[in-house]
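One structure is given below, represented as structure tokens, and several questions about it will come after.
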Amino acid sequence: MEVTFLGTAAATACPMVFCSCPMCSAAWKRGGKDLRRRSSALVNGDLIIDLGPDVMTAAFDFGADIRKASVLLQTHAHSDHFDAGHLITRLPEYAPEGIRPLDLAASPETIRRMSERLSLEEPGASLEKAEWQERLKLRLHPLRHGDSAALSGYTVTAVESAHDSGALLFVVSDGEAAFLYATDTVRLTDRAMDLLKGFRLDMIAIDHTYGPGVRGGGHLNAEQAAEEIALLRAEGILKPGSRAFATHLSHEGMPPYEEMSEYARARGYEIAWDGLRVRLPSR
Ligand SMILES: [Zn+2]
Ligand SMILES: [Zn+2]
Ligand SMILES: [Zn+2]
């Protein structure tokens, strides 16, 4: 399995548009790994997690041909994770050619919210109606906590997230490796931990929205992400030799990449960056 991080920022991207805080100023100056697009990931070139607003700039920069995607996993419909303007271009009105069927897995709540946003782009559009699913060439897979679906050779399992109602984390397995995409989230719920005990993961990408010492809502900060990772390792859910990456980083209290990496290394995890490709299993 190969996982490509298409974006690793929280909702505001990094640097944030009008901000001159130390992190944003460092990002303008240093560039490179400190420039972060809104979060999204690509597995093996054909499974995309979150069709966010920055997926096309990531595709251009990292040679990720999203036309090849046969599966879209949508964690939730917040605007940093779902750009209805991209999905709507599958309609014949946009004159697309060679559109392949796309399996879309998300919670029923997320599907409803995606549908509302699509209808702002195209009046009447609804993901819940067969006619529009057909026009968009989408096969819908509504998933709730604990549900698994077999999609294009992958087994995808939905895990609840207390980030927002209907938000999901996904375990993606291709028979070779298993990977947990865990943004956006707060502390993993007891039900999530119980479900995850059935897995031996090769990798996790986990929410790391706030820097050390910053207490914000709906997400994890650096200490909390480190604690969740340590817990997953202690439970054996993260296998020995598995890799743990922080993603969905905002500017709040966040030092630049090099400094943040040092902090993370000392606590047994790594900081992801846009364009990072990880091969699994790592050994
Ligand atoms: Zn987010
Ligand atoms: Zn800032
Ligand atoms: Zn969110």
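Run the numbers on the stretch 2-279 and let me know its relative contact order in percent, using alpha-carbon pairs under 8 Å that are six or more apart.
Numbers: 629 pairs, mean separation 53.7, N = 278.
Computed over the stretch 2-279, the figure is 19 percent.
Further question: List L140, L188 from most exposed to least, where exposure is judged by having the fewest other Cβ atoms within 10 Å.
Values: L140 17, L188 24.
So the residues, fewest neighbours to most, are L140, L188.
Could you name the aspartates and glutamates whose alpha carbon sits less than 16 Å from that of K197, not counting residues in the same chain fewer than 8 places away?
D147, E160, E228, E235
Here's a follow-up. May I ask you to work out the translational diffusion coefficient for the chain at 37 °C, viscosity 0.692 mPa s, via Stokes-Einstein with Rh from the Kirkwood sum over Cα pairs, reported in whole µm²/s? Could you put the intermediate results ahead of the total?
Working: Rh = 18.9 Å.
Here the translational diffusion coefficient equals 174 µm²/s.
Mean projection of the alpha-carbon convex hull of the stretch 2-161 over all orientations, in nm²? If you can, show how the numbers build up before the last one.
On the way: hull surface 41.3 nm².
The orientation-averaged projected area of the Cα hull of the stretch 2-161 comes to 10.3 nm².
Given the Cα-Cα distance of R90 and S25 and 0.36 nm per residue of separation, how much length would full extension add, in nm?
On the way: separation 65, 0.36 × 65 = 23.40 nm, distance 3.82 nm.
Extra length available between R90 and S25 comes to 19.6 nm.
Sticking with this one: Using amide H atoms built in the peptide plane, which far-off residues or other-chain residues are under 5 Å from A178 H to H?
Under 5 Å from the amide H of A178 lie the amide H atoms of D202, M203, each far enough along the sequence or on another chain.
Evaluate Rg over Rh across the stretch 130-283, taking Cα atoms for both radii and Kirkwood's formula for Rh.
Numbers: Rg = 16.2 Å, Rh = 16.3 Å.
Over the Cα atoms of the stretch 130-283, Rg/Rh equals 0.99.
Follow-up question, since we're still on this one. Using the Cα centre of the chain as origin and beta-carbon charges of +1 (Lys, Arg) and -1 (Asp, Glu), tell me which of V214, V43, W28 is placed farthest towards the positive end of the dipole.
Sorting the options by dipole projection puts first V43.
Here is a follow-up. Can you give the helix-only mean residue ellipticity at 222 nm for the chain, where every DSSP H stretch with n ≥ 4 adds -39500 (n - 2.57) and the sum goes over all residues, rounded to the nearest 500 deg cm²/dmol? Don't jump to the answer; show the numbers that get you there.
Details: 8 runs with 70 residues, N = 283.
Result for the chain, helices only: -7000 deg cm²/dmol.
Okay, moving on. Among L238, P256, L280, whose Cα projects farthest towards the positive end of the dipole of the stretch 227-283, with charges put on the beta-carbon of Lys, Arg (+1) and Asp, Glu (-1)?
The listed residue farthest towards the positive side: L280.
Based on the alpha-carbon gyration tensor of the stretch 89-156 and its eigenvalue square roots a ≥ b ≥ c, which shape applies: rounded if a/c is under 1.5, prolate if not and a/b is larger than b/c, or oblate? Write down the numbers at each step before the final one.
Numbers: a/c = 2.85, a/b = 1.36, b/c = 2.09.
Judged from the Cα gyration tensor, the stretch 89-156 comes out oblate (a/c at least 1.5, b/c at or above a/b).
So, with +1 on the Cβ of K and R and -1 on the Cβ of D and E, and no other charges, what is the size of the charge dipole of the stretch 2-279 about its Cα centre, to the nearest 20 debye?
Details: 30 positive and 39 negative charges, 65 e Å.
Using Cβ point charges on Lys, Arg, Asp and Glu, the stretch 2-279 gives about 320 debye.
Ranked by Cβ crowding within 10 angstrom, fewest neighbours first, how are V156, V186 ordered?
V186, V156
Read the figures in this text as sums done on the coordinates, not as results from a lab. Here the structure is a predicted model, which is why all the values come from computation and not from measurement. Neighbour counts are summed over all protein chains in view; Cβ atoms, including those assigned to glycine, are modelled from backbone coordinates with ideal geometry.
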